[in-house]
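Single-structure report; data block below.
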Amino acid sequence: MQHEPTSPPMISVRGMSKLFGEFVALDRIDFDVSRGEKIVVLGPSGSGKSTLIRTLNRIEPHDSGTLTIDGKLINDKTDPIQLRCMVGMVFQNYNLFPHLSVLDNCILAPMRVRRMSRIEATTLARRYLNQVGIPDQADKYPIQLSGGQQQRVAIARALCMQPEVMLFDEPTAALDPEAIVGVVSIMDELSEQGITTVCVTHEMAFSRRIADRIIFMDQGKIVEITPPEIFFTSPKSDRAQNFLNQMLRY
Amino acid sequence: MTSFFFRLPLMQRFRPVAALAGVLFATAGLHGLAHAEQPPSFVHDGTLTICTNPTLPPMTFVKGQDVSHPEGYDIDVAQALANRWNARLSVVTMDFTGLFPSLSAQRCGLVMSGIIRMPSREKSFDAVTYQDTALVVVGRKGTPSLTSMDELSGKNVAVESGTSYITRLGVVNDALVAAGKPPMIIQQYPTEEQVVQQVLIGRVFAFVSQDVELFYRMRQLKDKLHVLITPDIPDYRHFAIYLRQNPQDLTALQSAVTALETDGNLQALRTKWSVTDPSTGNEAPSTTSSAMFDWAAFFSALTSTAFLHGALITLSVALISHFIAITLSVPIAIVLNSPQRSVLKIVLEGYVSLFRAAPTLLQLLFIWNAVPQFFPIFREQWFTPFLATILALSINESAYQVEINRAALSAVDPGQELGASALGLSRRDIYWRVIFPQAFRIALPPTINEFINLLKITSLASVISLQELLAVTQIQVARTFAFTEYYAAALVYYLVMVFFFLFLQKRVERRFAWSDRKKVVSNAA
């Protein structure tokens, strides 16, 4: 793997569009994400944020334009399994498997996809469960955990695949304020470890703290891409200004 | 003999072959060579197959425990015919309503089941008379005799369904209505012993039967029955053997029956089964006259091989059919749940609607009696009632199971598939490791329900001669008249089977602790 400063961007998106029937969800999107960079995607509801990050691991295949990840062109000929080994994802509703224990949630994919042995996968899973702060919950079922704990499991489960890129789709949207603090602090820790991250969120303080750049979206288009210190103080566009005014009012 | 003339030209042309065939028959024949005749076309591969409903003693009934071997006057006559043609006799037993459709479908060469010779039946089939009889109207002992059929006006009368008695009583009813009197209320029952039982328990005033059967029942039931009237109806004076229409076969059968009559064979059988005289003949098993529950009869039924065998057939038909149904229904449900329209989806939707809509009984009858007319392969020996039932019930049940599976699959949160595919799991793993285990929990209770239903629905297969538990029970009841005891024994078998599967369901459900927070907590404590 290349680590020179001249290495190509981890993610490169050019002219990407996505339609749901007549509705244009993504309209000719262009952006790059460097290796190790933290990107936060902001924007009002229905602006295409979630659709955008779902195209990055092809859970929603794009209709036109190109997507390149780690120098590889991603299209319908790409093996989706290889792609998803490289790009992990955490959802708003955790999407844990309720019939499996916390540990089994974490080791299923490493064993089935990465062909790890049970012992190997368990060692790895315990390490990440420890990292997300719930080492004692390994044998419980998801239903026995609080929302915040479930989201930590979901993060650990994604990390067990040792991805190069992590996608977060509003990871704190379903949590109460106390749980948000916990999950955000884990994401802070992750960002320090240098994993490439694309995160859709409404957590403004968190965005400002961890983001290298903010992507602001509206109506399926990228309105601006700016460093957080500029975005939160003097955004270039009126729409971003309006959005921030509304967000900060609460 | 008439058949001789039909055979003559053939014999002249192929004399050496015929001579050789004669030698073969002589070595293979079980009985006297003197009787050897060219067999009619309904004798296939040296086998004469007859269809019978063995609930009509003394004509055709099951004496012992082995329901696959009926006995009686009809069976002995069939054996005598088979001997004449140097053929082996094979007896197929089934519900009365299945007899004529089976004859049409070439499942048997002859129907011999104590059936009246009727002009209406001869429109579709040929008939050969072999036994004289008379129609009788029978009531309980102590009921005054009738002088005319008109006196049945307004009374309940029981008859066996599928028989010609119903048409005949319809004629009487028409006359009653024309004369301004209330008609008889006709109740139909699927077996003869149930018809008799209605009189015994006093639900109906009388039943209609033939004197031959009545002689046997009179001895069996001692003093409980009494002939109310023997109306002089010419149409009801003969029992006939029915065959598919074929002039040569008809002549051959007629001459064979005439020969059996001439050489005294039939007379000997009449005496053996006391067909014409109620006072002689071998003993009919009598019933215990008391109204008390006969525990000995109950336990002997419960431990009999006949019941055990019937229960095993019921259980294996239900298990195999449901297994096939589930196997078929899962992929169908997945296709039907997919959002895309496709030709396959439309075809499968049609399949599910058709087999949910059509009555199960109709599907059984269709597969057994109608399909062989288009595909002769289905009338061959390998296609047994057991296979036919499994085929019909698998298809029928798969349609119901598709709906259960569809509901269970859509009840699984779509986020599960999303989460699993984001982890890189293959389609196969997504289904087998993530979706199916969750859908299984939802589908289990309705699936066990379906299975219990299926276990009981197997009893419909008696119409296509499957000797499952309820068919066995009815045949045994026809023999002994121990209704309560035999029904109770059957009930015990059904309950034991059903309770076992309910117990299994509970055990499996206990493994779904993950679905219930309270359960998980209490287990952990």
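The values are calculated or read from the model by the stated rules, or taken from the named source; none is laboratory data. Note that this is a predicted model, so its numbers are computed, not measured. Don't worry about glycine lacking a Cβ; one is built from the backbone with ideal geometry, like all the others, and counts go over all protein chains shown.
Things worth noting here:
- Selection count, the stretch B:32-59, where residues are hydrophobic (A, V, I, L, M, F, W, C), modelled with pLDDT under 85 and within 18 Å of B:Val159 (Cα to Cα): 1
- Within the stretch A:187-209, the residues that satisfy the criterion of being of a type in the set (A, V, I, L, M, F, W, C) and crowded, with 21+ Cβ neighbours inside 10 Å are A:Met187, A:Val198, A:Cys199, A:Val200, A:Phe206.
- Some residue of the stretch A:16-30 being buried (at least 22 other Cβ atoms within 10 Å of the Cβ), in contact with a Phe, Trp or Tyr (Cβ under 9 Å, 6 or more places away or on another chain) and more than 13 Å from chain B (Cβ to nearest Cβ): no
- Condition check for A:Leu244: touching a residue at least 12 places away in the same chain (Cβ under 8 Å) and surrounded by fewer than 20 Cβ atoms within 10 Å (Cβ to Cβ): yes
- Residue ID - farthest from the other protein chains (Cβ to nearest Cβ), chosen from residues in the stretch A:62-80 that are without any contact (Cβ under 8 Å) to a residue 40 or more places away in the chain and surrounded by fewer than 21 Cβ atoms within 10 Å (Cβ to Cβ): A:Leu73
- A search for C-beta distances below 7 Å between a residue of the stretch B:137-160 that is closer than 16 Å to B:Glu213 by Cβ and any residue that is acidic (Asp, Glu) and buried (at least 17 other Cβ atoms within 10 Å of the Cβ), counting only pairs 6+ apart in sequence or on different chains, returns B:Glu160/B:Glu192.
- Boolean, B:Ile448 is over 41 Å from the mean Cα position of the chain (by Cα) and more than 20 Å from B:Phe293 (Cβ to Cβ): no
- Which listed residue is farther than 23 Å from B:Ala420 by Cβ and modelled with pLDDT of 90 or more, from A:Leu56, A:Leu19: A:Leu19
- Of everything listed in (1) farther than 30 Å from B:Leu221 by Cα; (2) of a type in the set (Val, Ile, Thr); (3) at pLDDT 95 or above, the single unmet condition for B:Val492 is (1).
- Cross-chain or 6+ apart pairs with Cβ under 8 Å, the stretch B:99-114 first and not assigned by TED's automatic domain parsing to the domain that holds B:Ala82, then in a loop (DSSP other than H, G, I, E, B): none
- Residue that is surrounded by the fewest Cβ atoms within 10 Å (Cβ to Cβ) [pool: residues in the stretch A:81-123 that are among the small types (Gly, Ala, Ser) and assigned to a loop (DSSP other than H, G, I, E, B)]: A:Ser117
- Identification of helices (runs of 4 or more DSSP H) wholly contained in the stretch A:124-238 with 1 or more residues that are touching a Cys at 6+ places or on another chain (Cβ under 7 Å) yields A:147-159.
Conditions tested, residue by residue: (1) buried (at least 18 other Cβ atoms within 10 Å of the Cβ); (2) among the aromatic types (Phe, Trp, Tyr); (3) within 22 Å of B:Gln187 (Cα to Cα); (4) touching a helix residue (DSSP H, G or I) at 6+ places or on another chain (Cβ under 7 Å).
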residue: B:Arg203; (1), (2), (3), (4): no, no, yes, no
residue: B:Phe215; (1), (2), (3), (4): yes, yes, no, no
residue: B:Arg237; (1), (2), (3), (4): no, no, no, no
residue: B:Ala240; (1), (2), (3), (4): yes, no, no, no
residue: B:Asp249; (1), (2), (3), (4): yes, no, no, no
residue: B:Thr258; (1), (2), (3), (4): no, no, no, no
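- Hits in the stretch A:21-57 (condition: more than 20 Å from A:Pro80 (Cβ to Cβ), β-branched (Val, Ile, Thr) and not in a strand (DSSP E or B)): none
- Enumeration of residues in the stretch A:93-113 that are more than 8 Å from every other protein chain (Cβ to nearest Cβ) and within 19 Å of A:Ile81 (Cα to Cα): A:Asn105, A:Cys106, A:Ile107, A:Pro110, A:Met111
- Candidate set: the stretch A:128-165, residues that are out of contact with any helix residue (DSSP H, G or I) (no Cβ under 6 Å at 6 or more places or on another chain) and among the acidic types (Asp, Glu); chosen: the one nearest to the other protein chains (Cβ to nearest Cβ): A:Asp139
- Selection from the stretch B:281-306 of residues that are surrounded by 13 or more Cβ atoms within 10 Å (Cβ to Cβ) and either at pLDDT below 80 or at positive phi (or both): B:Gly281, B:Ala284, B:Thr287, B:Thr288
Quick grid of which residues meet (1) aliphatic (A, V, I, L, M); (2) within 13 Å of chain A (Cβ to nearest Cβ):
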site: B:Glu403; (1), (2): no, no
site: B:Val412; (1), (2): yes, yes
site: B:Ala422; (1), (2): yes, yes
site: B:Ile435; (1), (2): yes, yes
site: B:Gln438; (1), (2): no, yes
site: B:Ile442; (1), (2): yes, yes
site: B:Pro446; (1), (2): no, no
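- Checking each residue of the stretch B:73-86 against the condition of being over 20 Å from B:Gly264 (Cβ atoms), out of contact with any Lys or Arg (no Cβ under 7 Å at 6 or more places or on another chain) and either among the charged types (D, E, K, R) or at pLDDT 90 or above (or both) gives at least one match.
- One residue stands out among those in the stretch B:124-149 that are among the charged types (D, E, K, R) and over 30 Å from B:Thr262 (Cβ atoms): the one that is surrounded by the most Cβ atoms within 10 Å (Cβ to Cβ), which is B:Arg140.
- When B:Gly98 is tested against (1) within 24 Å of B:Pro70 (Cα to Cα); (2) crowded, with 19+ Cβ neighbours inside 10 Å; (3) modelled with pLDDT of 90 or more, just one condition goes unmet, and that condition is (3).
- Only strands (runs of 3 or more DSSP E) whose full extent lies in the stretch B:106-198 are considered here, and the ones with at least 3 residues that are modelled with pLDDT of 90 or more and not β-branched (Val, Ile, Thr) are B:110-116, B:125-132.
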